[in-house]
Amino acid sequence: MAAGYSRTRRAVRRARKLVIKATTLAGSGHPGGSLSMAEIVGTLLFGHMRHDPSNPLWDGRDRLVLSKGHAAPGLYSSLAVAGYFEESEIATLRMLGSRLQGHPDLKCPGVEFCGGSLGIGLSFSVGLALAARIDSADTRVYTVMGDGETDEGQVWEAAMSAAKYGLDGLTVIMDRNFVQQDSYTEEVMPLDAGPAGTRVADSRADASLWRTGQRWRAFGWNVIEVDGHRIEQVADALARAAATRGAPTAIVARTVKGNGVEHMADNPAWHGKAPSPAIAPLVAEELDSHVMVAPSIIAGDMADLAGEVRRCEAAGADYVHLDVMDGEFVPATTFGASKVAELRPLTLLPFDVHLMIAEPVRRFREYAEAGADIVTVHAEACGEAEFGEVHDSLRGAGVGVGLAINPGTDLPGWAARFAPTLDQVIVMSVEPGRSGQAYIEATHEKARSVRDALARAGFGGDIEADGGVNASNAGACFDDGARVLVGGGAIMARDDARAAVAEISAAVRHARRAAIIARARGLGGDELVSSWIALHEDAGTRAELEAIASGEGRP
Ligand code: DX5
Ligand code: ZN
C-alpha cells in the first residue's frame, strides 16, 4: 500500500539517520551517495513499488536494482525502515559475517543485485525486464544509477538494447548529484557538456546547460527531469514512467550529494568517508532539524487562489497551506473541498489542508478525495472517537493526519494514543479565523511543553507553527520544536513571496546552526564545537558558525 507523502517523508528521514549510524559504527562506507538518493529510494520503496518485506522473493514483486552499489548504506537503511529486517541490524554494516556488506549482496533480504562494480546494473535490469516480458509478468524494474557511473560504455550498450526492445517496464533513476569518487562529474567526464570553460557551479545551477537528459533521449528513452529531493516530484515522475508505453524511461533526478547535512552537502570528500563517533549525534540532530515552509494562500488574493498557488511554487515553498473555514467553527468562510480539487492539478507541491470546520469527522473525506496530502482537524471540534475515525481513515488512504489546537486549548490527553502515527500537530499561535494577526507570545512556552509531551508519547511527525509567524520569530519557533512554519501575512501578503520564503529559511538556518553548536558544546565542550565548525568548508557558513559560537552566552 502506498504510504503517501507524509509517511514517505518520515521514513526517508529515519533512513537518513540510519545511514549516519551505520557508517559511523562501521568507520567506513559511503554516506554522500546514500544521502543523495534517500528520497529516490524512499519514494520507490514506501510510495510506489509493489513488494512485500515479509516475503522478499514474492514472484509478483517489482525489482529495485541499485546499480550504484557503493550507496549500500542508503539501500539497507531504507530496506530496514520498510521492514525487511530489524533496524538494529544496521549496526553490523561491513562486519564479517554480516548480511550488510560494503556493497550489496543477495544474502540481504530485499537486495536484487550484487552491485559495486559500476556500470553493470542497467544490463542486468534489461535482462530482468526481458525475462518479465517472456513470463508475461507485469513486473516493473527500477534501476538506480549514479551519474559518474554512466561514464562506463556498457551503460550505453544496455540503453540501446532497452530502447530496441521497447522495455516500458524499465525505469532508470539517475542520482544526478554532480559528484563522483574523485571530483565533480563535470571535471572528471562532463555529462552536461557545457561550453568549454563552464564552471561546475554554473552547470549545476543553470538548467539551460543541462544535456544529460538529451543523451538518454537520443538513445530512444522517455526522459523526465525532477528535483530528486522532492518526494512529490519523484512520485509523479514514477507514475508517469509507469504510464509510458513503448519506451523505457530515464528519470534524471537532480540531487545534492550528502544532502541533509551541511558539511557533507556537495562535498566530494564525503563520497566514501564515515562521520566520526563524536560528531554523529550532531549530524543526527541536523537531520531532525529540517523545516518546511508552508505559505497560507488565504493571505493572498482570495479571488485568484490559482494564481496564489502558482506564486507559492515560484516562491520556493515546500507546502501549500490551505485554510478551510466554514463560518461555524470560525466566523469566516474561505473555501471548501471543491476548491481544493480545482487547485490540485496546478502544482505537485503537497497540500497541507487545515480544516477549521465544525464536525470535521463528517467532512474530512471530501478533502482527502480532493487531493490533500495532509488533513489537519481541530481538537476543539472532535473527541477521541471521532479523531480515531479520521486518523484511521486518512492513514488507510495514504493521507497525512494532523491534529490542531487553538491558543486556549491544551493538547488533549488522548492525543498520546495517536502520537506514534500522527504526522502533524498544529499549535495555533493566533485565534483561528483570519491571517495577518500578531503571534501570541505565550505560544512559545506552550509549544515547548506540547513538543515534550508528544516526544514522551513517541511522536515522529512534525509540529507546525501557524499564525503570525515571520522572519523575526521563525528562529524562536524552530527552537520551540516547530518543523513546519506557516506564513500568511509574512509571505503571501508580500509582493516578493520568494524573498519572504528566503528570509524565513535563513532565520531558521541560523537557529538550526545555533542549536547544533549548543549541543556540541554540551556534548564535548569547545573542542567539539571547533571540530564541528572545522568540518564546514564553505567560508560563509564557517564564518556564521564562528560568530554563533563566540556570541552565544557562556556560563
Ligand atoms: C489562521 C490560519 C493561518 C493564517 C496564517 O486562522 O490558520 O494559517 O491564515 O496567516 P498569518 O501567517 O498571517 O497568521
Ligand atoms: Zn492554518
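Tabulated data for the structure shown
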{"read-out": "FRET efficiency, ALA303 to SER393 (Cβ-Cβ, R0 45 Å, nearest 0.05)", "value": "0.85"}
{"read-out": "Degrees between helix 121-134 axis and first principal axis of the chain (Cα, 0 to 90, nearest 10)", "value": "90 degrees"}
{"read-out": "Relative packing of 140-151, 446-457, which averages over residues the other C-beta atoms within 10 Å, highest first", "value": "140-151, 446-457"}
{"read-out": "Portion, in percent, of the accessible area of the chain that falls on carbon or sulfur, probe 1.4 Å", "value": "50 percent"}
{"read-out": "Gyration tensor (alpha-carbon) shape descriptor, the stretch 193-339, a/c threshold 1.5", "value": "oblate"}
{"read-out": "Distance in nm between pseudo-label sites at ARG448 and ASP135 (7 Å out along the Cβ direction from Cα)", "value": "5.7 nm"}
{"read-out": "Virtual spin-label span in nm between ASP59 and ILE440, 7 Å along Cα→Cβ", "value": "6.1 nm"}
{"read-out": "About the Cα centre, charge dipole magnitude for the stretch 71-148 (Lys/Arg +1, Asp/Glu -1 at Cβ), debye", "value": "140 debye"}
{"read-out": "Nearest 10 degrees, 0 to 90: helix 153-164 Cα axis against the chain principal axis", "value": "80 degrees"}
{"read-out": "Helix axis angle, 231-243 relative to the chain longest principal axis, alpha carbon, degrees", "value": "50 degrees"}
{"read-out": "Listed residue (LEU287, GLY169, SER34) projecting farthest to the positive dipole end of the chain, Cβ model", "value": "GLY169"}
{"read-out": "Dipole axis of the stretch 236-280 (+1 Lys, Arg; -1 Asp, Glu on Cβ), positive-most option in ALA243, GLY272, ALA253", "value": "ALA243"}
{"read-out": "Dipole-positive endmost among PHE329, MET145, MET428 within the chain (Cβ charges, Cα centre)", "value": "MET145"}
{"read-out": "The chain, helix-only ellipticity at 222 nm - DSSP H runs n ≥ 4, -39,500 (n - 2.57), divided by all residues, nearest 500", "value": "-12500 deg cm²/dmol"}
{"read-out": "Listed peptides 536-542, 349-355 by packing density, highest first (mean Cβ within 10 Å)", "value": "349-355, 536-542"}
{"read-out": "Total charge dipole magnitude, the chain, about the Cα centre, Cβ charges on Lys, Arg, Asp, Glu only, Debye to nearest 20", "value": "1160 debye"}
{"read-out": "Per residue solvent-accessible surface (Å²) - the chain, probe of 1.4 Å", "value": "38 Å²"}
{"read-out": "Nearest-10 value in Å² for the accessible area of GLU86, using the 1.4 Å probe", "value": "130 Å²"}
{"read-out": "Under 25 Å from LYS273, Cα to Cα: lysines that are on another chain or at least 8 residues apart", "value": "LYS17, LYS21, LYS68, LYS107, LYS257"}
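The values are calculated or read from the model by the stated rules, or taken from the named source; none is laboratory data. Predicted, not measured: the structure shown is a model, and the values here were computed from it. Glycine gets a Cβ as well: all are built from the backbone with ideal geometry, and neighbour counts include every protein chain shown. For accessibility, only protein heavy atoms count, side chains too; no ligands or nucleic acids. Shrake-Rupley method; radii C 1.70, N 1.55, O 1.52, S 1.80 Å.
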